[in-house]
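The values are calculated or read from the model by the stated rules, or taken from the named source; none is laboratory data. Bear in mind the structure is a predicted one, so any value in this text is a computation, not a measurement. Cβ placement follows ideal geometry from the backbone for every residue including glycine, while neighbour counts extend to all protein chains displayed.
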Amino acid sequence: MSESDLVLFTRDAGLARVTLNRPEALNALSAALRARLVEVLRELATDAETEVVILTGAGRAFCVGLDLKELGGETNAAPTVTAEELSDAFRDLGKPLIGAVNGYAITGGFELALMCDFLVASPAARFADTHARVGVVPGWGLSQRLPRMIGINRAKELSLTGNYLDAETAERWGLVNRVVPANDLIGHCERLARDILSTDRTTRDAILRVMEAGWGMTLAEGLALERQASRAHAAREVSADKVAARRAAIQARGRAQSAS
């Protein structure tokens, strides 16, 4: 398999689908795969036509984390990107990123999932943080993101035991937004992506930036940031004519969703 095939991606009408593609190794993050993933994310970040991205894995795993054969010195690792470069590539994408968790999301793979804006899972999804069992301290944000998503006590349970978390419990704990049948996982994520694409891009991007920046702030700081962003956006983008033009479509959509 060539290095370009380690991460597959397709683009269609504003939506990009990215697939980790080492199914025989459960999409373990070899040095070459990590480098290719960073390359793909950087390309999508600068692609003006791509507005929403879906990340998933080929085969029966989303991603089982670092390639332990490389980590243990059993196989040679090619030059790779740093942990900071990988994290930065996700952060700098600047576009909604939906994680379609089709199977195992373990340790480093769990960290990749946590870098997504939200997650949708199939019933086969399984999450685990085995850092403490491997003997490695997290370096891609798991120890900070996971407690903020599911609460500190639940995060401690997962990280200190290394136990697996099933999809249904992950949904109940708020880790994943919903669990859908495996044969509809990508289709469901694509429909959500199309819903996102149907919103105003400039406004959507501003909301995403404010939410991301505010997540690491106090409530008071976040509210101040929101007010500043709202005023700046209103001065540039909001007019009575624009609001009036969108009003009928918003009402029609609300009626349709209420009836379904």
Which residues, counting only those in segment 200-232, are among the acidic types (Asp, Glu) and under 23 Å from VAL52 (Cα atoms)? ASP200, ASP205, GLU212, GLU226
Any residue at all in segment 58-66 that's without any contact (Cβ under 8 Å) to a residue 40 or more places away in the chain, surrounded by 20 or more Cβ atoms within 10 Å (Cβ to Cβ), in contact with a strand residue (DSSP E or B) (Cβ under 8 Å, 6 or more places away or on another chain) and among the β-branched types (Val, Ile, Thr)? no
Quick check: is even one residue across segment 127-144 under 23 Å from ARG17 (Cα atoms) and modelled with pLDDT of 95 or more? yes
Return a yes/no flag: does segment 181-198 have any residue that is more than 28 Å from ALA16 (Cα to Cα) and among the hydroxyl-bearing types (Ser, Thr, Tyr). no
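Could you pull out the residue among LEU223, LEU165, LEU175, LEU192 that is part of a helix (DSSP H, G or I) and touching a residue at least 12 places away in the same chain (Cβ under 8 Å)? Before the answer, list the steps.
Working: LEU223 fails: touching a residue at least 12 places away in the same chain (Cβ under 8 Å); LEU165 fails: part of a helix (DSSP H, G or I); LEU175 fails: part of a helix (DSSP H, G or I).
Residue meeting the stated conditions: LEU192.
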Taking only segment 137-162 into account, find how many residues are touching a residue at least 40 places away in the same chain (Cβ under 8 Å) and outside any helix (DSSP H, G or I). 3
Over segment 76-134, the set of residues small (Gly, Ala, Ser) and surrounded by fewer than 24 Cβ atoms within 10 Å (Cβ to Cβ) is ALA77, ALA78, ALA83, SER87, ALA89, GLY94, SER122, ALA124, ALA128, ALA132
Subset of segment 1-44 (residues that are more than 20 Å from THR80 (Cα to Cα) and among the aliphatic types (A, V, I, L, M)): ALA13, LEU15, ALA16
Hey, GLU39 hits all of (1) under 18 Å from the mean Cα position of the chain (by Cα); (2) crowded, with 21+ Cβ neighbours inside 10 Å but one; which does it fall short on? (2)
Go through (1) under 19 Å from GLU212 (Cβ atoms); (2) surrounded by fewer than 19 Cβ atoms within 10 Å (Cβ to Cβ) for VAL52 and report which single condition fails. (2)
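Results for (1) modelled with pLDDT of 95 or more; (2) among the charged types (D, E, K, R); (3) in a strand (DSSP E or B); (4) on the phi > 0 side of the Ramachandran plot, shown as yes or no for each residue.
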| position | (1), (2), (3), (4) |
| --- | --- |
| SER4 | no, no, no, no |
| LEU8 | yes, no, yes, no |
| ASN27 | yes, no, no, yes |
| ALA35 | no, no, no, no |
| VAL38 | yes, no, no, no |
| LEU41 | yes, no, no, no |
| THR50 | yes, no, no, no |
